[in-house]
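Working notes, structure below.
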Amino acid sequence: MTVVIGFEGSANKIGVGIIRDGEVLSNPRRTYITPPGQGFLPGETAKHHRSVILTVVREALDEAGLKPADIDCVAYTKGPGMGAPLVTVAIVARTVAQLWGKPLLGVNHCIGHIEMGRLITGAQNPTVLYVSGGNTQVIAYSERRYRIFGETIDIAVGNCLDRFARVIKISNDPSPGYNIEQMAKKGTQYIELPYTVKGMDVSFSGILSYIEEAARKMLRVGQCTPEDLCFSLQETLFAMLVEITERAMAHCSSQEVLIVGGVGCNLRLQEMMGVMCKERGARLFATDERFCIDNGAMIAQAGWEMFRSGHVTELPDSWITQRYRTDEVEITWRN
């Protein structure tokens, strides 16, 4: 049996998870939450992570019923992500690996999401829609790489939702995206927004600029409600994502879709994707907030796959990078 502990802290979540041969033994995390109308800054986020990470490590070990001697490998998020939080987690992971005398593994955050999704859902060879606050990509596996078929050309879909939440002062607790989802359920009027699909790629910055300006004007004169705006934004963004995912499926002759990343636990997105999959005779795979949202277990699972296929990160190479594309990683553990 191989036991891997994973450290994740690329954005405002700090998580530590433990995996043993495909079984999630523990997966505690904490979230840095800012006041309504504010985002989270790298320095303040890193400060939060430093204040709680050792507590989360202890929780992970206690929940798993393990001691440091039972761990075979220490995995951490190498990137992509916010610089200061990534450094915080990497320093702790390096320290723990040396104190415990365990090998170290730097993991690509995006690969962590994909491998966790495959583990939890049982999807075999899906077209992957990876949607989060920092990334929006349509991905398929081919020849030892997760190939990016389409992606955002500017901001991520989660960032678009988060920034709109700040405009209308939606709470960040538990997350702005979740609160937009709940408000959208009460929307009754669809407001037409720019729809920007360019081949296999999407653009969200123009939609955000448009709705930011429209929201101020329309709300001021009572032309719509905040709930209508949330509904309209979700419908437009998610329709774009479904379109490029379907196009990638057609290209790959795929009959499976896996949605991963923090935005992936949005039930409306899952519903819209499910309609498309049903029309194509395909299957949809998705997870709930335990595994869609950034967590330590996903880094442990990707680390488990890498460690079992012979990967180890030497200490001089255990740096972090804010830009680390999904298709840079050689996938040695898949046929």
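The values are calculated or read from the model by the stated rules, or taken from the named source; none is laboratory data. This is a predicted model, so every value here is computed, not measured. Cβ: placed from backbone, ideal geometry, glycine included. Neighbour counts: every protein chain shown. The accessibility values were calculated without ligands, DNA or RNA, using every heavy atom of the protein model including side chains. Shrake-Rupley method; radii C 1.70, N 1.55, O 1.52, S 1.80 Å.
Between amide H atoms placed 1.01 Å from N, distances below 5 Å from residue 145 occur with 331, all of them 5 or more places distant or on a separate chain.
Placing +1 on each Lys and Arg Cβ and -1 on each Asp and Glu Cβ, with no other charges, gives region 116-191 a dipole about its Cα centre of roughly 80 debye.
Extension gain for residue 216 to residue 243 (0.36 nm times residue separation, less C-alpha to C-alpha distance): 6.8 nm.
The packing ranking, built from the mean of other Cβ atoms within 10 Å per residue, places the peptides 306-313, 77-84, 255-262 in the order 255-262, 77-84, 306-313, highest first.
Within the chain, what percent of beta bridges assigned by DSSP are antiparallel, to the nearest 5? Don't jump to the answer; show the numbers that get you there.
Details: 24 of 42 bridges.
Roughly 55 percent of the DSSP beta bridges within the chain come out antiparallel.
When Rg and the Kirkwood Rh are both derived from Cα coordinates, the Rg/Rh ratio for region 9-72 amounts to 1.07.
Taking 13 Å as the straight-line reach from the Cα of residue 198, the aspartates and glutamates in range (excluding those fewer than 8 positions away in the same chain) are 151, 154, 243. Placing +1 on each Lys and Arg Cβ and -1 on each Asp and Glu Cβ, with no other charges, gives the chain a dipole about its Cα centre of roughly 380 debye. Between region 295-335 and region 181-220, the alpha-carbon centres lie 36 Å apart. Residues whose amide H comes within less than 5 Å of that of residue 152, counting only those at least five positions distant or on another chain, are 136, 202 (H built at 1.01 Å from N in the peptide plane). Each residue was assigned an accessible area with a 1.4 Å probe, and for residue 21 the value is about 60 Å². Its residue count N fixes a reference of 2.2 N^0.38 Å for region 143-262, and the Cα radius of gyration divided by that reference is 1.15.
Using only the alpha-carbon atoms, how far is helix 109-121 inclined from the longest principal axis of the chain? Give it as 0 to 90 degrees, nearest 10. Helix 109-121 sits at roughly 90 degrees to that axis. Taking packing as the residue-averaged number of other Cβ atoms within 10 angstrom, the listed peptides 94-101, 69-76 run from highest to lowest as 69-76, 94-101.
Given a Förster distance of 22 Å, report the FRET efficiency between residue 321 and residue 91 from their Cβ-Cβ distance, rounded to the nearest 0.05.
Details: r = 15 Å, r/R0 = 0.68.
For R0 = 22 Å, the calculated efficiency reads 0.90.
In the distance distribution for region 1-159, Cα-Cα pairs more than 20 Å apart total 54 percent.
On full extension, the segment bounded by residue 205 and residue 55 gains 50.2 nm, given 0.36 nm per residue less the C-alpha separation.
On the accessible surface of the chain, probed at 1.4 Å, how many percent belong to carbon and sulfur atoms? The C+S portion of the solvent-accessible surface of the chain is 49 percent.
Checking the a/c ratio against 1.5 first, then a/b against b/c, what shape does the Cα gyration tensor give for region 191-335? Verdict is prolate for region 191-335. Between 0 and 90 degrees, rounded to the nearest ten: what's the tilt of helix 296-308 against the longest Cα principal axis of the chain? For 296-308 against the chain, the angle is about 50 degrees.
Assuming charge only on the beta carbon of Lys and Arg (+1) and of Asp and Glu (-1), the dipole of region 16-170 about its Cα centre is about 360 debye to the nearest 20. Across region 89-106, computed HN-Hα scalar couplings (Karplus, 6.51 cos²θ - 1.76 cosθ + 1.60, θ = phi - 60°) run 5, 5, 4, 5, 4, 4, 5, 4, 4, 6, 5, 8, x, 10, x, 10, 9, x Hz from first to last residue, x flagging Gly and Pro. Within a straight-line Cα-Cα reach of under 12 Å, residue 185 can be paired with the following aspartates and glutamates, leaving aside sequence neighbours fewer than 8 residues apart in one chain: 227, 228, 235. What percentage of all Cα-Cα pairs in region 262-327 are separated by more than 13 Å? Looking at region 262-327, the distances longer than 13 Å represent 76 percent of pairs. Start at zero, step by 20 Å, and the Cα-Cα distances of the chain spread as 33, 56, 11, 0 percent across the bins. By the helix-only formula, in which each DSSP H run with n ≥ 4 contributes -39500 (n - 2.57) and the sum is divided by residues, the chain has a 222 nm mean residue ellipticity of -14500 deg cm²/dmol. Among the listed pairs 169/217; 78/278; 78/102; 13/169, those with a Cα-Cα distance over 26 Å are 78/278. In region 194-247 the Cα-Cα distances spread across 5 Å bins starting at 0 as 4, 19, 27, 20, 14, 8, 5, 2, 0 percent of all pairs. The alpha carbon convex hull volume per residue for region 65-151 rounds to 130 Å³.
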